[in-house]
1. Determine, for each peptide in 340-349, 222-231, 294-303, the mean count of other beta carbons within 10 angstrom over its residues, then list the peptides with the highest first.
2. List the residues whose amide H sits under 5 Å from the amide H of Leu328, counting only those 5 or more places along or on another chain, with H placed 1.01 Å from N in the peptide plane.
3. Quote the relative contact order of the chain in percent (integer), defining contacts as alpha-carbon pairs under 8 Å separated by 6+ residues.
4. In the stretch 91-337, what percent of the accessible surface is made up of carbon and sulfur (1.4 Å probe, ligands and nucleic acids excluded)?
5. What percent does the relative contact order of the stretch 31-85 come to when contacts are Cα pairs within less than 8 Å and at least six residues apart?
6. Among all the lysines, which ones have a C-alpha under 23 Å from Lys35's C-alpha, if same-chain residues fewer than 8 places away are not counted?
7. What are the ³J(HN,Hα) couplings of the stretch 138-144, residue after residue, when phi is run through the Karplus curve with 6.51, -1.76, 1.60 and θ = phi - 60°? Round to Hz, x for glycine and proline.
8. Taking the alpha-carbon distance from Lys143 and a cut-off under 28 Å, which lysines remain once sequence neighbours fewer than 8 residues away in the same chain are dropped?
Amino acid sequence: MRRFFQDVPEDLWRDYHWQIQNRIKTIHELTRYIKLLPEEEEGIRRTQGLYPMAITPYYLSLIDPHDPQDPIRLQAIPRAIETDPYVQSYGEEDALREEGQIPHMTHRYPDRVLVRVTTFCAVYCRHCMRKRIFSQGERSITKEEIDTIIQYIEAHPSVRDVLLSGGDPLSLSYEKLEYILSRLRRIPHVEIIRIGTRLPVLAPQRFFDEKLLKLLERYSPIWINTHFNHPKEITPYAAEAVENLLRHGIPVNNQTVLLKGVNDDPQVMLELMRSLLRIKVKPQYLFHCDPIKGAIHFRTSLEKGLEIMDFLRGKISGMGIPTYAVDLPGGKGKVPLLPSYLVRKEGNRYTFRSFTGELVEYEIEEL
Ligand SMILES: *Cc1c(COP(=O)(O)O)cnc(C)c1O
């Protein structure tokens, strides 16, 4: 089933560090596996130093080399359009105003803070909402920086939920990760820790490591937020990674981003949500694509998202239906969106639209 790298023994293939050490970062390496399109060759050249490329052998092996619009390919291989003057002139580097007074931390909602602990990722997704940090090189937060953030959280008892993000927090060394988790756990008002990681998708081998799983289990309750965007990403390796996390008491939720050409299709999205439930991952959010400089070519209309949400209803359990959300510009936060099911209201007579499209009248009174 492995498309490329057939000569790599399974024990190496299952080794996360091998996957990271053998990431594909140059045109020269990539053309050994895939015949590149002119806009890809140009894209890789033009994005050097700005939005670099890195692809794990595992993620690369999911690409069908004969399909120029392969959804994995679109997410992983740069295209010239990323540096197109129009794409560059629209959108902002930090459209959601994440950067604030304390470096690497965003405190938007009273009860939650988001902490960016590294700029490193296994794969640099072309649609990344944090493309602005790609050019900073691969660097993780220093002890002094994390200590400042810890002090801030200690001084803010309203913070019950710390969301570690990046880059990919689970790319940190055990020592650094343990330092961060143990410091957070010593703060009495921090109830839950969430880790935003795309490693279940990009290098699920990370979760074949009992030592890492035990570390996460020790600092329970920890929740994982991951980022599957297409049913092709749900492989036996990804399923094994999720199973291992669940065995260690770590629930896994998914945040999909609606991306043009990748998953802006109701049937693809339905298949993705069904596949997630099969591997016991709860679809949490479907995000509308943010206006991020260098990534706006992935944006669809809002109506496309609503059409997909409408399509899902009735075809999959409510458990498999994510919340469609838009992150408002200027750091104003996320808002959920739903197609309208309440069509009319006259006094206490309501008219609803059912999942089959039938109009149903319903009198609802409070007794
Ligand atoms: C999205 C986000 C969160 C988490 O929001 P949830 O709805 O709880 O997942 C927290 N802080 C910031 C700055 C965010 O953008």
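The values are calculated or read from the model by the stated rules, or taken from the named source; none is laboratory data. Bear in mind that the values here come from a model prediction, so they are computed numbers and not experimental data. Every residue, glycine among them, receives a Cβ derived from its backbone with ideal geometry; neighbour counts consider all protein chains shown. Only protein heavy atoms, including side chains, enter the accessible area calculation; ligands, DNA and RNA are left aside. Shrake-Rupley method; radii C 1.70, N 1.55, O 1.52, S 1.80 Å.
1. 222-231, 294-303, 340-349
2. Gly333, Lys334, Val335
3. Relative contact order, the chain: 15 percent.
4. 54
5. After rounding, I find 52 percent.
6. Lys25, Lys232, Lys260
7. For the stretch 138-144, the Karplus-derived couplings read 8, 8, 9, 4, 7, 4, 5 Hz, x marking Gly and Pro.
8. Partners found: Lys131, Lys176, Lys211, Lys214.
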